[in-house]
1. From the set of residues in the stretch 155-182 that are within 19 Å of SER74 (Cβ to Cβ) and among the aliphatic types (A, V, I, L, M), which is nearest to the chain's Cα centre (by Cα)?
2. Please verify whether GLY83 is under 25 Å from ILE176 (Cα atoms), of a type outside the set (A, V, I, L, M, F, W, C) and loosely packed, with under 13 Cβ neighbours inside 10 Å, treating the condition exactly as stated.
3. How many residues are farther than 20 Å from TRP94 by Cβ, surrounded by 11 or more Cβ atoms within 10 Å (Cβ to Cβ) and charged (D, E, K, R) when one looks only at the stretch 27-55?
4. Could you tell me which residue of the stretch 22-45 is farthest from SER56 (Cα to Cα), considering only residues that are outside any strand (DSSP E or B) and out of contact with any Lys or Arg (no Cβ under 9 Å at 6 or more places or on another chain)?
5. From the list VAL8, VAL28, which one is among the hydrophobic types (A, V, I, L, M, F, W, C) and closer than 16 Å to THR178 by Cα?
6. Failed condition for THR152, given (1) assigned to a loop (DSSP other than H, G, I, E, B); (2) more than 22 Å from the chain's Cα centre (by Cα), with all others met?
7. Answer yes or no: is there a residue in the stretch 87-95 that is crowded, with 16+ Cβ neighbours inside 10 Å, closer than 30 Å to ARG144 by Cβ and either among the aromatic types (Phe, Trp, Tyr) or in contact with a His (Cβ under 9 Å, 6 or more places away or on another chain) (or both).
Amino acid sequence: MPALPSRVLRAGSDFRCEDGWLVLLKPVNAERRLEQGWVEGQARLQLARAPRGGLSLQLRLSGSQRSTLYAYESARISVPKLGTGVRWVETIRWPDLSEPLPVEARHTPEPEAPALAKVRQRLNAGLLGNVMLAGLSPKGEAVRVTLKALRTQDIPALEDRLRAASIAYEMPRPPIWTNGAHHLELLLWPAGQAPQGAGRPSAHRVQQELERVRAPLVDVHQVLNEGSGYQATLYLLGPERADSIVARIRLNSGMFKDIAVLGEAPHPGAPRLRVLRLALTLH
């Protein structure tokens, strides 16, 4: 720790005193993975003398889950999801420097659960590639795997390697772009225990494939996993016809066994746009 303070906080402009706490006034952007999902918002820090000595630090987060409208390598545009707002409080104690190390901290950590250790062994460097393993936790019969990818193209490449290795997985929600990286979650099952449909490409993987082969004035708005297949919603700005878009996908991608046009209509909120819906079946 520095011998001299690097900054002086001033009452009224930097902090206020409230019920025995020193509350920092400037909020900071923060995110947490809670039981409800990944929450983003703002947090405030407050400090107080801990009852058992040392310092109590308390973080109060107000935020919500967010839906991504558009994301690329260096930025993300998103909006809050209605009904997902939460207020979350986390408190930790910073012991006094003269305090001896707690007894429990000197204990040898328990060995990792066999199911988690087996998944960790399977997710070796060759399988992960440029994707970083962030954590493992049990989720019923499955193992929840949290990962971090710096580049968009690393995520579909990971899915392709998982299927090539015959690893049953599911991606329960699309990756989230935050703090300069994509954060994603996978569920992995032991061999023979995966539910029906596990191991199929995620809706995100299908959307990435459509993005790769799309025409310049076509936007892949959404892809949904319908169980037996996928349904894609595309926004068309130019004059290109639905049959030529389907032909382009067939020509440039070997992922799809069948592509059917479900309908085409003007966009209700943007007269220049047309909405095209496709039903996709994979090989």
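The values are calculated or read from the model by the stated rules, or taken from the named source; none is laboratory data. Small disclaimer: the values here were computed from a predicted structure and weren't measured. So basically every Cβ, Gly included, is an ideal-geometry build from the backbone, and we count neighbours across all protein chains shown.
1. Step one: of the stretch 155-182, the residues within 19 Å of SER74 (Cβ to Cβ) are 155, 174-182.
Subset that is among the aliphatic types (A, V, I, L, M): 155, 176, 181.
Values: ILE155: 11, ILE176: 3, ALA181: 9 Å.
This residue is ILE176.
2. Working: under 25 Å from ILE176 (Cα atoms): yes; of a type outside the set (A, V, I, L, M, F, W, C): yes; loosely packed, with under 13 Cβ neighbours inside 10 Å: yes.
It is true that GLY83 is under 25 Å from ILE176 (Cα atoms), of a type outside the set (A, V, I, L, M, F, W, C) and loosely packed, with under 13 Cβ neighbours inside 10 Å.
3. In the first step, residues of the stretch 27-55 are kept if they are farther than 20 Å from TRP94 by Cβ; the result is 27, 29, 31, 33-42.
Among the residues that remain, those that are also surrounded by 11 or more Cβ atoms within 10 Å (Cβ to Cβ) are: 27, 29, 31, 33-34, 36-42.
Next, from what is left, pick out any that are charged (D, E, K, R): 31, 33, 40.
Total meeting the criteria: 3.
4. Our first condition is that a residue be outside any strand (DSSP E or B); within the stretch 22-45, this holds for 25-27, 35-36.
Okay, now just the ones that are also out of contact with any Lys or Arg (no Cβ under 9 Å at 6 or more places or on another chain), so 35-36.
Working: GLU35: 24, GLN36: 26 Å.
Per the criteria, the residue is GLN36.
5. Working: VAL8 fails: closer than 16 Å to THR178 by Cα.
Residue meeting the stated conditions: VAL28.
6. Unmet for THR152, out of (1) assigned to a loop (DSSP other than H, G, I, E, B); (2) more than 22 Å from the chain's Cα centre (by Cα): (2).
7. At the first step, the residues of the stretch 87-95 found to be crowded, with 16+ Cβ neighbours inside 10 Å are 88.
Restricting the remaining residues to those that are closer than 30 Å to ARG144 by Cβ gives 88.
Filter again for either among the aromatic types (Phe, Trp, Tyr) or in contact with a His (Cβ under 9 Å, 6 or more places away or on another chain) (or both), leaving 88.
Within the stretch 87-95 (the criterion being crowded, with 16+ Cβ neighbours inside 10 Å, closer than 30 Å to ARG144 by Cβ and either among the aromatic types (Phe, Trp, Tyr) or in contact with a His (Cβ under 9 Å, 6 or more places away or on another chain) (or both)), the answer is yes, since at least one residue qualifies.
Matching residues to (1) in a strand (DSSP E or B); (2) modelled with pLDDT of 95 or more; (3) in the same structural domain as ASN130 (by TED's automatic domain parsing); (4) surrounded by fewer than 19 Cβ atoms within 10 Å (Cβ to Cβ):
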position	(1), (2), (3), (4)
HIS182	yes, no, yes, no
GLU209	no, yes, no, no
ASP219	yes, no, no, yes
GLN231	yes, yes, no, yes
